[in-house]
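Shown next, in structure tokens, is the structure this report addresses.
Read-outs: derived from the displayed coordinates by stated rules, not from any lab. Note that the structure is a prediction, hence the values are computed from the model and not measured. A quick note on method: Cβ atoms are made from the backbone with ideal geometry, for glycine too, and the neighbour counts reach across all protein chains shown.
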Amino acid sequence: MRSIIVVFMLFLSLAANATIDTYEFKDDANRERFQQLTNELRCPKCQNQNLAGSNSPIASDLRREIHRMVEEGKQNTEITDYMVARYGEFVLYRPRMSASTWILWYGPFVLVAVGFAVVLLITRKRKRVNEKQEDSLNDKDKTRLATLLDKGKAE
Amino acid sequence: MRRFILFIPLIIFVVMGALFWKGLGLDPTELPSALIDKPVPDFNLPSLVDDNRMLTQNDLKGKPALLNVWATWCPTCKQEHAQLNKIAREEGVTIYGINYKDERGAAKEWLRRYRDPYVVNIFDEQGALGLDLGVYGAPETYVLDANGVIRYKHVGAVDEKVWLKLETILQQISTESQG
């Protein structure tokens, strides 16, 4: 049994998202910041990878720059500003709030609200139609209906 | 009113279809440069040919020109080199070069062998200027105006078609400055 598990474990692999360069950090907070930044910044060359996962030369240059800035004690916003100034908003995997990106942030909520509004409208309309049907005959129609039904009974 | 509601799904479909159709034609690898209409970043780097001569952003001013980022390790740069020679020699356009993360000897040899279209070459061994310019893949070609302001950026090889585009931008710039 145990050997079977071991064999299965051999096939199991976790997503590896690391490159080989090694950096020294002053403290763990800096290391964490570096990892967070390289995870959230996109590689301009290989567009579906972040800086942490890319092996392209430009990504390693940018990692070096980010490492330098982190160790210099620059704020995260300063570092992302530095990147955006060179490569544009494109490099941010977590886009900033601006006139052109608000739809990304609030679009889903707007859609949910619209959905709710539509459901509400439909149920209300249904309710109104049902109420109308209950009392849709006027007095004249009612007497006519009664006579017609009586006629049917008589025959 | 009721009729109109029936058409809403069709309208949504048509709008989305048009959007996706347009998206198909776009090239996702083409990034808009963040530096358009901004001056070339400050730098202080040696010339490729003359180690002792230091170049700065002021050396790129004077007239509208092309700024070409190249390297000997870049196959596409070799592909576009003949076109650059043609632009420089036949059209008389000023082309500045940035030799990006390259070896001096190899770069000099390259220019000797394939002819040199550049007025001057900046030797950016560490890629520092490249980083400030937002270079993410050589070759890249920028159009500069007479004040050294970046007006356009092209990523990839310059061929005849791209040159036509660059030429119209250069002409636009020179008519602007005259008028």
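When the Cα positions of B:TRP73, B:LEU24, A:HIS67 are compared along the charge dipole of the protein assembly as shown, B:LEU24 comes out farthest toward the positive end, with charges on each C-beta of Lys, Arg, Asp and Glu. Counting only residues at least eight positions apart within a chain, or on another chain, the aspartates and glutamates with an alpha carbon under 12 Å from that of B:LYS101 are A:ASP61, B:ASP124, B:GLU125. Electrostatic tally near B:VAL119: other residues with Cβ closer than 15 Å to its Cβ, Lys and Arg +1, Asp and Glu -1, net +1. Top mean-square fluctuation among B:ALA157, B:ALA146, B:ALA65, Gaussian network model of chain B, C-alpha springs under 10 Å? Among B:ALA157, B:ALA146, B:ALA65, the largest mean-square fluctuation in the Gaussian network model of chain B belongs to B:ALA146.
For segment B:1-129, give the magnitude of the charge dipole about the Cα centre (Cβ charges: +1 Lys/Arg, -1 Asp/Glu; no others), in debye to the nearest 20. Before the final figure, lay out each step's value.
Details: 16 positive and 16 negative charges, 127 e Å.
Around 620 debye, computed over segment B:1-129.
Debye-formula intensities of the protein assembly as shown, expressed as log10 I(q)/I(0) at q = 0.06, 0.10, 0.13 Å⁻¹, are -0.40, -0.79, -1.10 (one equal scatterer per alpha-carbon, no solvent).
Roughly how many debye, to the nearest 20, is the charge dipole of segment A:104-154 about its Cα centre, given +1 on each Lys and Arg Cβ, -1 on each Asp and Glu Cβ, and no other charges?
Working: 11 positive and 6 negative charges, 23 e Å.
Here segment A:104-154 has a charge dipole of around 100 debye.
How many percent of all Cα-Cα pairs in chain B sit more than 21 Å apart? For chain B, the fraction of Cα-Cα distances above 21 Å is 53 percent. Within straight-line reach of B:LYS61, meaning a Cα separation under 16 Å, sit the following lysines at least 8 residues removed in sequence or on another chain: B:LYS38.
Close lysine pairs were tallied over chain A: pairs 8 or more places apart or on different chains with Cα atoms under 29 Å apart number 14. Dipole magnitude for segment A:15-141: computed about the Cα centre from +1 point charges on Lys and Arg Cβ and -1 point charges on Asp and Glu Cβ, it is near 460 debye. For the segment A:140-150, counting C-beta atoms of other chains within 10 Å of every residue's C-beta and taking the mean gives 0.
Annotation note: GluC sites (Glu not before Pro) in segment B:3-98 located in DSSP loop regions with a Cβ neighbour count of at most 15 within 10 Å are B:GLU30, B:GLU91.
Of the residues A:GLN47, A:VAL84, A:VAL112, the one whose Cα sits farthest towards the positive end of the charge dipole of chain A is A:VAL112 (charges of +1 on Lys and Arg Cβ, -1 on Asp and Glu Cβ, taken about the Cα centre).
As a rough guide to protection, the peptides B:6-16, B:124-134 ranked by mean Cβ packing within 10 Å, highest first, stand as B:124-134, B:6-16.
Holding the Cα-Cα limit at 25 Å, pick out from B:LYS22/B:LYS78; B:LYS108/B:LYS165; B:LYS63/B:LYS153 the pairs that are longer than that. Among B:LYS22/B:LYS78; B:LYS108/B:LYS165; B:LYS63/B:LYS153, the Cα-Cα distance tops 25 Å for B:LYS22/B:LYS78; B:LYS108/B:LYS165. Computed over segment A:1-127, the percent of Cα pairs more than 21 Å apart is 58. Say we join alpha carbon atoms closer than 10 Å with springs in a Gaussian network model of chain A; which of A:LYS125, A:LYS142, A:LYS45 then has the biggest fluctuation? Most flexible of the set in this elastic network: A:LYS142.
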